[in-house]
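A.B. asks: I am attaching a structure below and will ask some questions about it afterwards.
The values are calculated or read from the model by the stated rules, or taken from the named source; none is laboratory data. Just so we're clear, the structure is a prediction, and the values are computed from it rather than from any experiment. As a convention, Cβ positions derive from the backbone with ideal geometry for all residues, glycine included, and neighbour counts pool all protein chains shown.
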Amino acid sequence: MPQEPTRTDVHSSPDLDAIHAELSRFRAGFSTLLMATCALDGEPDASYAPYLEVGGDFYVFVSELSTHTANLIETGRVSVLFIEDEASAAHAFVRRRLTFRCGVEEVARGSDMHDSVLDGLETRFGGLVATLRALPDFHLLRLRPERGLYVKGFGKAFAIDDVQLARIRHVRESGRRDVPRGDAAT
């Protein structure tokens, strides 16, 4: 039986460097990411894809036969989710999760970056990637995180305002911020 979630004192000062290290370790435990995309007509789609992280960006190699691929290319936007497995979560209401709002751009086939990332995907996921490389309907897409949110429990939500500079701040339950923007990196 799951434990009842507990609320924590939201007025304590979290160690934001420790939170950044924790969310980095959390993210590193995944080989796939969940994606929420939307078509130009507003029709939503939820899906997933194996990914490779390079320089803080997520790269997915996806088929144009999939709905999410058209959505990613047409809108240039995606929300990415990493979420704790239900079996290891203390309670279903407090699963740790990390979301990013990302811009999307296609990596040109035949470019150095394209070949380098596909080599990395092949190293990580094996020979199937070599087969997929030859298929003309597959596209390499770069998902560039812009901002995010890491939630580790009740009263334990942390906004990531600047992914590249790792600016993180605690978010109160009411949605107001504990740490002013200019002090977020400290």
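A.B. asks: Give 119, 45 a once-over and let me know the one that is over 16 Å from residue 31 (Cβ atoms), within 19 Å of the chain's Cα centre (by Cα) and modelled with pLDDT of 95 or more. Can you show your working first?
C.D. replies: Working: 119 fails: within 19 Å of the chain's Cα centre (by Cα).
It is 45.
A.B. asks: Residues in segment 92-102: is at least one among the aromatic types (Phe, Trp, Tyr) and surrounded by 17 or more Cβ atoms within 10 Å (Cβ to Cβ)? I'd like the intermediate steps shown before the answer.
C.D. replies: Taking segment 92-102 as the starting set, the residues that turn out to be among the aromatic types (Phe, Trp, Tyr) are 93, 100.
When the remaining residues are screened for being surrounded by 17 or more Cβ atoms within 10 Å (Cβ to Cβ), the result is 100.
Yes, segment 92-102 contains at least one residue that is among the aromatic types (Phe, Trp, Tyr) and surrounded by 17 or more Cβ atoms within 10 Å (Cβ to Cβ).
A.B. asks: I'd like to know if segment 74-90 contains one or more residues that are more than 25 Å from residue 125 (Cβ to Cβ) and at pLDDT below 95.
C.D. replies: yes
A.B. asks: Does residue 116 meet the test of being assigned to a loop (DSSP other than H, G, I, E, B) and either crowded, with 16+ Cβ neighbours inside 10 Å or of a type in the set (S, T, N, Q) (or both)? Steps first, answer last, please.
C.D. replies: Numbers: assigned to a loop (DSSP other than H, G, I, E, B): no; either crowded, with 16+ Cβ neighbours inside 10 Å or of a type in the set (S, T, N, Q) (or both): yes.
When the stated conditions are applied, residue 116 does not pass them.
A.B. asks: Taking only pairs six or more apart or across chains, which ones have beta-carbon atoms under 8 Å, a first residue in segment 123-148 that is closer than 16 Å to residue 49 by Cα, and a second residue that is of a type in the set (Val, Ile, Thr) and assigned to a helix (DSSP H, G or I)?
C.D. replies: Taking only residues 6 or more apart or on different chains, the pairs are 139/69; 139/73; 140/117; 141/69; 141/73.
A.B. asks: Quick one: would you say residue 110 is modelled with pLDDT of 95 or more, over 19 Å from residue 155 (Cα atoms) and either in contact with a strand residue (DSSP E or B) (Cβ under 6 Å, 6 or more places away or on another chain) or not hydrophobic (A, V, I, L, M, F, W, C) (or both)? Give the derivation first.
C.D. replies: Values: modelled with pLDDT of 95 or more: no; over 19 Å from residue 155 (Cα atoms): yes; either in contact with a strand residue (DSSP E or B) (Cβ under 6 Å, 6 or more places away or on another chain) or not hydrophobic (A, V, I, L, M, F, W, C) (or both): yes.
So residue 110 does not fit the description; no.
A.B. asks: Continuing with this model, one more query. Out of the residues in segment 1-25 that are part of a helix (DSSP H, G or I) and surrounded by fewer than 10 Cβ atoms within 10 Å (Cβ to Cβ), which is modelled with the highest pLDDT? Before you say what the answer is, go through the steps one by one.
C.D. replies: Kept after step one, since they are part of a helix (DSSP H, G or I), are these residues of segment 1-25: 16-25.
This time we only want the ones that are surrounded by fewer than 10 Cβ atoms within 10 Å (Cβ to Cβ), so: 18, 25.
Numbers: 18: 86, 25: 91.
Checked segment 1-25; the qualifying residue modelled with the highest pLDDT is 25.
A.B. asks: Out of the residues in segment 130-147 meeting the condition of being aliphatic (A, V, I, L, M) and assigned to a helix (DSSP H, G or I), tell me which one is surrounded by the fewest Cβ atoms within 10 Å (Cβ to Cβ).
C.D. replies: Kept after step one, since they are aliphatic (A, V, I, L, M), are these residues of segment 130-147: 130, 132, 134-135, 140-141, 143.
Still in the running and assigned to a helix (DSSP H, G or I): 130, 132.
Working: 130: 12, 132: 17.
Going through the qualifying residues, I end up with 130.
A.B. asks: Among the listed residues 78, 54, identify the single one that is under 14 Å from the mean Cα position of the chain (by Cα), touching a residue at least 24 places away in the same chain (Cβ under 8 Å) and surrounded by 15 or more Cβ atoms within 10 Å (Cβ to Cβ). Explain how you work it out, then say what you get.
C.D. replies: Values: 54 fails: surrounded by 15 or more Cβ atoms within 10 Å (Cβ to Cβ).
Of the residues listed, the single one that is under 14 Å from the mean Cα position of the chain (by Cα), touching a residue at least 24 places away in the same chain (Cβ under 8 Å) and surrounded by 15 or more Cβ atoms within 10 Å (Cβ to Cβ) is 78.
A.B. asks: State all residues of segment 55-70 that are closer than 15 Å to residue 114 by Cβ and not hydrophobic (A, V, I, L, M, F, W, C); if no residue qualifies, say none.
C.D. replies: 55, 57, 59
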